[in-house]
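Q: One structure, pasted below without further comment.
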Amino acid sequence: MSAIETAVDLGPFIAGKAEPLSEAVQEIHDPATQRLVGRVTAAGDEQVDRAVRAAEDAFVAWSARGIAERGELVGRAAHAIRAAIDELAPLLTAEQGKPLRESRIELGRASETLAHYAGLAKELRGAFVLGLDPGVSGQVLRRPLGVVGAIVPWNFPTTLLANKLGPALVAGNTVVAKPADTTPLTTLRVAAIMHEAGLPAGVFNVITGRGAEAGEALVTHPLVRKVAFTGSTPTGRRIMSLAATENKRLTLELGGSDPMIILQDADLAKAASAASMGRFFNCGQACLAVKRLYVAEPVADEVIEAVVQKAGRLTVGRGTDKGVQLGPLHSERQRDLLEDQLRRTLDRGGQVAAGGGRPPGEHLSDGWFHEPTVVLEPPHDSPMATEEVFGPALPIWRVRDLDDAIGRANASPFGLGSSVWTSDLDAAAEAAERLDCGYTWINSPTKVYDELPFGGVKASGFGKEHGSEAFDYYTDQKAVVIRRRGRG
Ligand code: NAD
């Protein structure tokens, strides 16, 4: 498996068909080389309207199918994606930048999540209440919502979509997805593969284009009943205001600045590995990640040394090259943002202990590369502490104890995830209760499980993906009262 050789042209995927490119096109470039890898339609109101109407037309028949049949079709689609990983991974690496190994992991996870929801299909049930009054019972019906608009960013284009597609489709909704304007190619291929595997036309459609045009047209389309959004906090707020005009249902999975706390009695070697992995995976461009590290004073030197060594040993390079662990940042904009945050932080204080700049090497000069970076003790009110850092840079602070660490951790406007390393059960339990976020890992790398609900609080958004809880966000619960004959 290697790099894709020639650029691909892919039109929107509407009503079960890949359309030709329209006149307005957008170019997709490889973040490692800036080479052209594809062109897609820059959709406007017309394409979005057709896609939404195709989804609306497909809704009646799709929602009327048996649940097991929908599960079976989504399960087949999951299987087809797994079978196509050799084809899809180079495309994902070409448009996103991540190492091929990570593209394979991402696509495997997308397939797993769809398969997970296919398996849960038969568990999707409402409730029945006997004896509300004599001879009167109640039912709680779970009904699908209708057309769901699914908008996702570029950092994990396929898994973030699968998180929405799985529960939405199995519950009987139809979907119009809008991938990020810089990563539409893999999503368009995934849609085609899922339909080849038997998903009926119109059930899952993909439009491509810019957020301010295609994205807003989707959010404001009157036939879209729910918007499931993953992306930045400012865009989430914009979408919330747009959706408010028609009282649309919303799930917002937004930015994060997840803290990791390492206490004195932790397994330090494992904690340092989890910190490095949690910060540098996907070149630091993950919502759930280790974005701030707080270490108990007595073990701080040991942890810092281990993390700095690990950062220094990571192989930076093009995602298609063998052995590469850290690809480029996704775009010039992302690298500019990171460099600006580092500069504004270091102007205020802090010491660079690893990396800090662009890596040397002629072969890296055309891409948006940045060294894995560790910054010690930046001020607690500097950008690395208060903003989301979406790149390979980890700030580390020494803390007195658990209380000090939790205070620092919760001081962020974000509340997505957190992790704690300790062998003290009481400390772990206290941290899990007090950390103000949606997910806490105890002595575990920041791995997301399909079985558990995931979603943030505060500026990280609201609503849940994953778990059977996700079905609550793609169904309405309708009450029905049944009075037996002769009971008043
Ligand atoms: P972004 O908000 O700029 O874009 C995300 C998506 O929204 C893209 O498809 C974009 O085209 C679209 N969009 C942009 N403006 C829009 C508008 N006005 N109306 C409708 N759609 C619009 O996000 P980004 O910077 O590309 O992605 C990175 C962000 O995503 C980070 O903040 C990261 O933490 C967050 N994220 C969150 C999660 C989570 O589950 N909480 C997961 C991954 C990424």
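Q: Would you please give the residues with an amide H less than 5 Å from that of Val457, counting only those at least 5 places away or on a separate chain, with H modeled from the backbone geometry?
A: Residues meeting the amide H criterion: Gly415, Leu416, Gly438.
Q: Between beta-carbons, use under 12 Å as the cut-off and find the net charge around Leu342, counting Lys and Arg +1, Asp and Glu -1.
A: Details: positive: Arg335, Arg343, Arg344, Arg348, Arg358; negative: Asp336, Glu339, Asp340, Asp347, Glu371, Glu387.
Local net charge: -1.
Q: If you count only protein heavy atoms with a 1.4 Å probe, what accessible area per residue comes out for the stretch 258-449, rounded to a whole Å²? Numbers along the way, then the final one.
A: Details: 7880 Å² over 192 residues.
Value returned for the stretch 258-449: 41 Å² of accessible area per residue.
Q: Could you tell me the calculated FRET efficiency between Asp321 and Asp9, based on Cβ-Cβ distance and R0 = 41 angstrom, to the nearest 0.05?
A: Numbers: r = 26 Å, r/R0 = 0.65.
The value I calculate is 0.95.
Q: Here are some pairs, Lys122/Lys458; Lys98/Lys248; Lys164/Lys270; Lys98/Lys291; Lys122/Lys248; which of them have Cα atoms lying more than 24 Å apart in this structure? If you can, show how the numbers build up before the last one.
A: Working: Lys122/Lys458 34 Å; Lys98/Lys248 34 Å; Lys164/Lys270 32 Å; Lys98/Lys291 19 Å; Lys122/Lys248 28 Å.
Result: Lys122/Lys458; Lys98/Lys248; Lys164/Lys270; Lys122/Lys248 exceed 24 Å.
Q: Continuing with this model, one more query. For the charge dipole of the stretch 258-449, defined by +1 on Lys and Arg C-beta atoms and -1 on Asp and Glu C-beta atoms about the Cα centroid, which residue among Phe414, Thr440, Ala354 has the Cα displaced farthest towards the positive pole?
A: Ala354
Q: Met277 to Leu130: FRET efficiency via 1/(1 + (r/R0)^6), r the Cβ-Cβ distance, R0 60 Å, to the nearest 0.05? Present the calculation step by step, with values, prior to reporting the outcome.
A: Details: r = 51 Å, r/R0 = 0.86.
Rounded to the nearest 0.05, the efficiency is 0.70.
Q: Taking the alpha-carbon centroid of each part, what is the distance from the stretch 410-425 to the stretch 90-105 in angstrom?
A: 30
Q: Give me the number: length gained by fully extending Lys270 to Glu305, i.e. 0.36 nm times residue separation minus the C-alpha to C-alpha distance, one decimal in nm.
A: Details: separation 35, 0.36 × 35 = 12.60 nm, distance 1.35 nm.
Full-extension gain reported as 11.2 nm.
Q: State which helices in the chain qualify, where a helix is a whole DSSP H run, it must extend 15 Å or more along its own axis by its Cα atoms, and its mean Kyte-Doolittle hydropathy must be at least 0.0.
A: Values: long enough: 45-64 (29 Å, -0.27); 67-83 (24 Å, 0.09); 85-96 (16 Å, 0.27); 100-120 (30 Å, -0.31); 157-170 (20 Å, 0.76); 185-196 (17 Å, 0.77); 233-244 (16 Å, 0.05); 268-280 (18 Å, 0.55); 297-313 (25 Å, -0.07); 332-346 (21 Å, -1.63).
Membrane-span-like by this criterion, though nothing is claimed about a membrane: 67-83, 85-96, 157-170, 185-196, 233-244, 268-280.
Q: Quick one: of the DSSP bridges fully inside the chain, what percent are antiparallel, nearest 5? Don't skip to the answer; put the middle values down first.
A: Values: 29 of 70 bridges.
Of all bridge pairs located within the chain, approximately 40 percent are antiparallel.
Q: Got a number for the accessible area of Arg292? Probe 1.4 Å, square angstrom, nearest 10.
A: 0
Q: In nm, give the distance between the simple-model label positions of Asp401 and Ser365, each being 7 Å from the Cα along the Cα-to-Cβ direction.
A: 5.6
Q: A further question on this structure: If you roll a 1.4 Å probe over the chain with all protein chains in place, what percent of the accessible area is carbon or sulfur? Walk me through the intermediate numbers first.
A: On the way: 9970 of 19660 Å².
Its accessible area is 51 percent carbon and sulfur atoms.
Q: Whose amide H sits under 5 Å from the amide H of Met260, counting only residues 5 or more places off or on another chain, with H placed in the peptide plane?
A: Lys291, Arg292, Leu293, Tyr294, Ser419
Q: Given the C-alpha centroids of the stretch 148-170 and the stretch 435-465, what is the distance between them in whole angstrom?
A: 17
Q: Let me ask another. By its C-alpha gyration tensor, with a ≥ b ≥ c as the square roots of the eigenvalues, how is the chain shaped: rounded for a/c under 1.5, else prolate for a/b larger than b/c, else oblate? Each step should come with its number before you reach the end.
A: Values: a/c = 2.06, a/b = 1.30, b/c = 1.59.
Since a/c reaches 1.5 but b/c is at least a/b, the shape of the chain is classed as oblate.
Q: Let me ask you something else. What longest region of the chain stays clear of GluC sites (Glu not before Pro) that DSSP places outside H, G, I, E and B and that have at most 16 other Cβ atoms within 10 Å? Walk me through the intermediate numbers first.
A: Numbers: sites that count: Glu5, Glu23, Glu246, Glu451.
That would be 24-245.
Q: Can you give me the solvent accessible area of Arg434 with a 1.4 Å probe, rounded to the nearest 10 Å²?
A: Accessible surface of Arg434 is approximately 90 Å².
Q: So what is the calculated 222 nm ellipticity per residue for the chain, using -39500 (n - 2.57) for each DSSP H run with n of 4 or more, over all residues, to the nearest 500 deg cm²/dmol?
A: Working: 14 runs with 181 residues, N = 488.
Mean residue ellipticity at 222 nm (helix-derived): -11500 deg cm²/dmol.
Q: Right, here's the next one. FRET efficiency for Ala479 and Leu36, Cβ-Cβ distance as r, R0 = 60 Å, nearest 0.05? Intermediate values should be presented prior to the final figure.
A: On the way: r = 55 Å, r/R0 = 0.92.
Once rounded, the FRET efficiency stands at 0.65.
Q: Based on alpha-carbon centroids, what's the gap between the stretch 1-56 and the stretch 317-368 in Å, whole number please?
A: Result: 29 Å between the Cα centres.
Q: State the answer as a single residue: which of Gly256, Ala77, Gln96 lies farthest towards the positive end of the charge dipole of the chain, with beta carbon charges of +1 for Lys and Arg and -1 for Asp and Glu, about the Cα centre.
A: About the Cα centre, the residue reaching furthest to the positive side is Ala77.
Q: What does the net charge come to around Ala180 if you take all other residues with beta carbon closer than 13 Å to its beta carbon, with K and R at +1 and D and E at -1? Intermediate values should be presented prior to the final figure.
A: Values: positive: Lys178, Arg210, Arg333; negative: Glu95, Asp181.
Its environment carries a net charge of +1.
The values are calculated or read from the model by the stated rules, or taken from the named source; none is laboratory data. Just so we're clear, the structure is a prediction, and the values are computed from it rather than from any experiment. Note: ideal-geometry Cβ built from the backbone for every residue, glycine included; neighbour counts use all protein chains shown. Surface accessibility is based on the protein's heavy atoms, side chains included, excluding ligands, DNA and RNA. Shrake-Rupley method; radii C 1.70, N 1.55, O 1.52, S 1.80 Å.
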